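I have placed the structure first, in the form of C-alpha cells, so that the comments after it can refer back to it.
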Amino acid sequence: MSAGTKTPTDPAGRRVLSAALFASAPAEVLDFLLPLWAGSTLEAGASVVGALIAFEAVLSLIVRPLAGELADRFDQRRVAAAGAGLYALSFAGYALADSLPVAFAAAGLGGAGGALFWVALRAWTGQEARDGDGTAAYGKLLSAEGQGAFVGYLVAFSLLERTGYPALFWLGAAACVLAAALLLRGPSRRPARPGADAPEAGGPFRRGAAERRLLPLMVVSAVTAAAEAGLWMLLLLRLQGDLGLSPNEIAMVFAPGFVVFVLLPEHTHHLTDRLGRTPTMIASFAAGTLFAAGLAVVSTPLAIAVFWAVAAACFAAQIPVEQATVAAASGGRIGRGMGLYETARLAGVVAGPLVMGVLYEELGWVAACAAAAATSAVGAVVVPFAVRVLRLPREENDAATESVHMTEDGEDMDTSKPEPAQPSAEPAPGPKEHARKERRDWYIHTVAFALGQLVLWALDSSWLVWQITDGSVPDDQRGPLVWLGRIWLTIWVIDTIWSWSYTIWPREKKAKS
C-alpha cells in the first residue's frame, strides 16, 4: 500500500462508515416491511410477495459479479455512491408505487443498488485497510451496518403507525441520498492495478487463479450461510407458533444478541490477532454447531436468548475475518473477490430457508437443528483446507499444529523457526491525540443517544424520562422499547466514563501489530 493509505478512522474512512450506517438503516428495515407493505397496500397474495422478494434477490445475485469488476476498474467510493443512488430511486419507487409493475421496478433497482453499494464498499475497505488491519477494518464496517439497522428499526417502529409507509420510504430515500453524498466527497482515485503496488496472494496474478483458490472458501461460506438463514427463519416460526410469543416478545428474545452484534465486531480483531484466521473461523463454526444443537433441546425464551447472544458474538468474529481473508486472497482484484463472496453468501441466504423449510415440514424441528449443526461442523472441518489453499503471505494457518507452509511452487517450506519481529503496521497515537479521538467519538454517540431518547419520549417509552418525572415506569407503559432504552442508557454511561477517562488520565493506546 502507498503512504496515503487510509483506515476507517481517517476522514475518508469515517465518511464510508457513516454512509454504511445511513444506507443500511432503510435497507435492513425494508427486508422486514416489504411483505407487510405489499400485502396491505397492493393487496398482493403470498405468491406475488414471494416473487417480488425473489426478483430483488436474483437481480442482486446477477449484478454482484459486475459490481466487483466495476470496483476494480473505478473509484470504489463512486461505485458505491451509484449503488446508494439506485437505493434511493428504489425507495422513491416504493413510496410512489400503486401497482405491481412499479413495485417490481423498485425491487429491481434495490437489488442492483445493493449489489453495487456493498460490494464496492467492502472492496474499498480491503483496499484501504493497512497491512495486518484488515479484520479490524471489516469489523468496524460490520459494526456500522449493525448500528444502522438499530437506528432504522427504532425510527421505523416509531413512525410507521403515525406516518404510514410512503413517508417512511421517502425517509429511506433521503438517507440513501445522504450516503451517496458522503461517498462523493473527496477526490476520485482509481484502485491500484494488480501487479503494480497491490499485494497479491500466491504469486504473480493470473486471471482466474485467485478465483480458483477462493472456491473452497466460497462453498463453505455459501453452505453455512444457507444453514444460518434457514435456521433463523425456523426459529422465528417456532417462537411465534410453538411458543406463542408476540412480536414484541420475540424482539425481546433477540435483543441481547442484536446488541452484541452491534457492539462486538470492531473489537473481535484482537482475538484474530492472537489466534489467526483459521482458528478464529474454526471456533466460530464450532460455536455455531453448539448453537444449532442446543436449540434442539432447549425450549424456554431465556435459554434461546442466551444461545442466540453467544451465536451473535461468533458471527461478529467470523464475518470480518472471512471478508479480510477474501480481500487478502483476491490477487489484487478485491472487487472481484468481494463480488464472488457476496454472491456466494446471498445464494446461500436465498436457498437456505427453502431447503430448511422442506426439511422442517418433512422431519420436524429436531432434524432441522441437527442438519444446521452438521453443516456448521463440516464448515469447521473444511475451513482449514479452504484457507490453506489460498497460500496467503504470513498466514498463520494453525501454528500450534503445523510448521510448514506452501511456497509459490507448491513445495513445503519450513516455518518452525521464529520470524524476526516486524515493525508495527500502525503507530500508536499519542495520549493527547487518543484522548481527542475518544471525546470526538463520545460526542457522536451522545448525539445518537439524545435523538434516540427523544424518539422514545415521543412514544412514552423512555425509561429515563419516566424515572425523572414519575420516579418509576407505570405497569401499562412497560415494554421492549422501555427495556431497550434502559440498556442504551447503561451503555451510554459506561461509554461516557471510559471515553472521558482518557482526558482525565491521559495514556497511550497500544499499537496494533
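The values are calculated or read from the model by the stated rules, or taken from the named source; none is laboratory data. Computed from a predicted model, the values in this text were never measured in an experiment. Note: ideal-geometry Cβ built from the backbone for every residue, glycine included; neighbour counts use all protein chains shown. The protein model used for the area step is the full one, side chains on, heavy atoms only, and it has no ligands, DNA or RNA in it. Shrake-Rupley method; radii C 1.70, N 1.55, O 1.52, S 1.80 Å.
Taken as a whole, the structure leaves residue 44 outside the set of residues that are part of a helix (DSSP H, G or I) and either over 18 Å from the mean Cα position of the chain (by Cα) or touching a residue at least 60 places away in the same chain (Cβ under 8 Å) (or both). Among the candidates 93, 83, 108, the residue that is out of contact with any Ser or Thr (no Cβ under 9 Å at 6 or more places or on another chain), in contact (Cβ under 8 Å) with a residue 12 or more places away in the chain, assigned to a helix (DSSP H, G or I) and surrounded by fewer than 24 Cβ atoms within 10 Å (Cβ to Cβ) is uniquely 93.
With 404, 455 as the choices, which residue is among the β-branched types (Val, Ile, Thr), within 30 Å of residue 494 (Cα to Cα) and either out of contact with any strand residue (DSSP E or B) (no Cβ under 9 Å at 6 or more places or on another chain) or at pLDDT below 80 (or both)?
Numbers: 404 fails: within 30 Å of residue 494 (Cα to Cα).
Selected residue: 455, the only one of 404, 455 that is among the β-branched types (Val, Ile, Thr), within 30 Å of residue 494 (Cα to Cα) and either out of contact with any strand residue (DSSP E or B) (no Cβ under 9 Å at 6 or more places or on another chain) or at pLDDT below 80 (or both).
When the test is whether a residue is more than 28 Å from the chain's Cα centre (by Cα), modelled with pLDDT of 75 or more, part of a helix (DSSP H, G or I) and over 30 Å from residue 223 (Cα atoms), residue 433 passes it. For region 27-43, a residue qualifies if it is aromatic (Phe, Trp, Tyr) and either in contact with a strand residue (DSSP E or B) (Cβ under 8 Å, 6 or more places away or on another chain) or open to solvent by 10 Å² or more (accessible area, probe 1.4 Å) (or both), and exactly one does: 32.
Considering only residues that are assigned to a helix (DSSP H, G or I) and modelled with pLDDT under 75, look in region 264-289 and name the one that is surrounded by the most Cβ atoms within 10 Å (Cβ to Cβ). Write out each step before concluding.
If we filter region 264-289 for residues that are assigned to a helix (DSSP H, G or I), which is where we start, we get 269-275, 277-289.
Next, from what is left, pick out any that are modelled with pLDDT under 75: 269-275.
Numbers: 269: 24, 270: 15, 271: 18, 272: 22, 273: 15, 274: 9, 275: 19.
Once the filter is applied, the top-ranked residue is 269.
Restricting attention to region 303-317, the residues being buried (at least 23 other Cβ atoms within 10 Å of the Cβ) and without any contact (Cβ under 8 Å) to a residue 40 or more places away in the chain number 1.
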